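The values are calculated or read from the model by the stated rules, or taken from the named source; none is laboratory data. Computed from a predicted model, the values in this text were never measured in an experiment. Glycine also receives a Cβ, built like all others from the backbone with ideal geometry; neighbour counts cover every protein chain displayed.
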Amino acid sequence: MRAYHHLAGLFLLVLVTFISNKTQAEPYLAVREGLMCSACHVNQTGIGMRTLYGVEFAQSDMPIIETVDMEGVLERDILDFISIGGDVRLANTTQAPDVGGVPGAKSTNTFGFNEGNLYAKITIKQDRFYLYVDEAFAPGAARNRELVGILEGLPNSGYLKVGRMSLPYGWRLWDFGFTRSQPGFLGQDFGVEIGFEPGTTSFQAAISNGEPFAITDSNTGKQFTTRLATVHSKGRFGASFTFNSDDPTVGGKRRTFVAGGPHIGVNLGPIAVLGEAHFIRAFDGVKNDFVTRIAAYGEANMLLSPGVNGKVAFDYFDPKNGNPTAKRLRIGLEPTITEYMQLRVFYEVMRPRNFADPLFGLNPNQDLVTLELHMMF
């Protein structure tokens with residue numbers, strides 16, 4: 001274990017050593033630049049395929065060495081009406097022995113995919129209607145994440161989205177912590193979404209089946225999800241709310257599921273701070289009653305030098321059923337080597353021992369060191 005603690009100390013030293021007054025744009029564009037998610041992503045609620053602006057930003061502002069020749073921006077159009085994109089994350093993860101002394105625990109080292117997604121935008125009518133596809137081929141079996149038809153050009157910079165989609169709730173962060181696994185928003189759902197972005201206001205509302213991991217609905221209940229935020233050059237402040245009238249996760253009993261909370265982003269020049277908290281009212285099988293759980297996430301990003309981002313992130317979850325709270329601390333560096341390649345090096349500590357996360361399974365209280373190669377286009 002001591003070697004891993006030394007590595008954590010080394011990361012802290014690197015964070016201090018690399019601090020520089022020179023700043024340029026960095027990957028967390030929504031907060032740093034005071035823009036909507038739709039400025040950089042084809043999907044208006046964020047994550048997935050990048051717009052032309054997002055691609056140009058990744059080429060000219062994110063790398064350690066700025067690309068001078070803008071004529072070299074990747075041409076993603078394979079036909080006049082079809083464009084593509086993708087994200088691939090290959091990781092090497094070292095897992096330290098359990099600090100709680102579980103018999104038989106040992107160190108492991110594993111290569112694997114953290115992400116493998118292909119995106120496509122099929123334009124039916126320019127600046128009016130298109131199909132958007134987000135297909136995951138790793139990790140695990142291939143599966144569709146999003147397949148939607150999007151109608152643009154509604155009043156107040158509005159749009160209408162129909163199909164299988166990620167619900168508009170909280171931050172669309174790559175770092176999937178307890179604020180994603182506990183409310184159940186890692187899965188996608190079938191439904192309808194409408195959104196408007198007049199001026200500095202961003203608003204979305206969706207009605208869906210309420211069963212994110214199912215192909216068909218097993219009941220007559222529906223889920224309502226909405227997100228409202230105001231976006232400025234100094235950051236973003238918003239709130240999300242969701243209500244499922246027939247939660248399918250409680251063994252056939254008709255139970256409601258309610259979750260909501262704020263999400264914020266603050267731009268402090270070279271430092272960008274993001275956070276969100278969710279209060280989750282759901283039926284708990286341990287207590288055989290409703291409880292109000294609390295899930296929270298926060299991260300601080302510092303642009304240490306052009307193309308090098310330092311990150312500290314913290315997760316928190318209180319199940320409110322007598323079991324211990326779960327905590328996770330991550331610290332690391334994210335240097336963007338070229339416009340299409342980023343490295344991520346993280347040291348991660350999770351507590352308590354044997355916390356059973358509903359999405360990620362049993363957490364055996366082991367520290368992790370992860371080296372990840374992120375290729376994007």
Exercise. Taking only pairs six or more apart or across chains, which ones have beta-carbon atoms under 7 Å, a first residue in the stretch 125-142 that is without any contact (Cβ under 8 Å) to a residue 24 or more places away in the chain, and a second residue that is basic (Lys, Arg) and exposed (fewer than 15 other Cβ atoms within 10 Å of the Cβ)?
Worked result: 136/143
Exercise. Tell me, which residue of the stretch 344-355 that is more than 23 Å from residue 115 (Cα to Cα) and part of a strand (DSSP E or B) is modelled with the highest pLDDT?
Worked result: 351
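Working only within the stretch 178-211, note down all residues that are of a type outside the set (S, T, N, Q), at pLDDT below 75 and part of a loop (DSSP other than H, G, I, E, B). Walk me through how you get there before you give the answer.
Filtering the stretch 178-211 for residues of a type outside the set (S, T, N, Q) gives 178, 180, 183-187, 189-199, 203, 205-207, 210-211.
Remaining after also requiring at pLDDT below 75: 178, 180, 183-187.
183, 184, 185, 186, 187 - these are the residues of the stretch 178-211 that are of a type outside the set (S, T, N, Q), at pLDDT below 75 and part of a loop (DSSP other than H, G, I, E, B).
Out of 200, 216, I need the residue that is closer than 17 Å to residue 167 by Cα and out of contact with any Pro (no Cβ under 8 Å at 6 or more places or on another chain). Which one? It would help to see each step written out before you state the result.
Working: 200 fails: closer than 17 Å to residue 167 by Cα.
Result of the check over 200, 216: 216.
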Exercise. How many residues are closer than 22 Å to residue 335 by Cβ and either in contact with a Cys (Cβ under 7 Å, 6 or more places away or on another chain) or surrounded by 19 or more Cβ atoms within 10 Å (Cβ to Cβ) (or both) when one looks only at the stretch 309-321?
Worked result: 4
Problem set entry | Selection from the stretch 105-122 of residues that are under 23 Å from the mean Cα position of the chain (by Cα) and either aliphatic (A, V, I, L, M) or surrounded by 11 or more Cβ atoms within 10 Å (Cβ to Cβ) (or both) | 112, 113, 114, 115, 116, 117, 118, 119, 120, 121
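Could you tell me whether the stretch 38-55 includes any residue that is assigned to a loop (DSSP other than H, G, I, E, B), closer than 19 Å to residue 271 by Cα and modelled with pLDDT of 50 or more?
Here is the first cut: in the stretch 38-55, the ones assigned to a loop (DSSP other than H, G, I, E, B) are 40, 42-49, 51.
Checking the rest, the ones that are also closer than 19 Å to residue 271 by Cα come to none.
No: zero hits.
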For this session: Scan the stretch 132-151 for residues that are surrounded by fewer than 16 Cβ atoms within 10 Å (Cβ to Cβ) and more than 21 Å from the chain's Cα centre (by Cα) and report the count.
Result: 1
Problem set entry | Evaluation of residue 24 against (1) at pLDDT below 50; (2) out of contact with any Asp or Glu (no Cβ under 6 Å at 6 or more places or on another chain) (one fails), failing number | (2)
Problem set entry | Filter pass, residue 238 being farther than 28 Å from residue 144 by Cα and touching a residue at least 24 places away in the same chain (Cβ under 8 Å) | yes
Exercise. Which one of the conditions (1) assigned to a strand (DSSP E or B); (2) at pLDDT below 80; (3) surrounded by 20 or more Cβ atoms within 10 Å (Cβ to Cβ); (4) not acidic (Asp, Glu) does residue 362 fail to meet, given that it meets all the rest?
Worked result: (3)
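Over 17 Å from the mean Cα position of the chain (by Cα), under 29 Å from residue 269 (Cβ atoms) and buried (at least 16 other Cβ atoms within 10 Å of the Cβ) - does that describe any residue in the stretch 283-301? So that I can check it myself, show each step before the final result.
Quick first cut of the stretch 283-301, residues over 17 Å from the mean Cα position of the chain (by Cα) only: 283-294.
Going one step further and asking which of them are under 29 Å from residue 269 (Cβ atoms), we end up with none.
Checked against the condition, which is being over 17 Å from the mean Cα position of the chain (by Cα), under 29 Å from residue 269 (Cβ atoms) and buried (at least 16 other Cβ atoms within 10 Å of the Cβ), the stretch 283-301 yields no hits at all.
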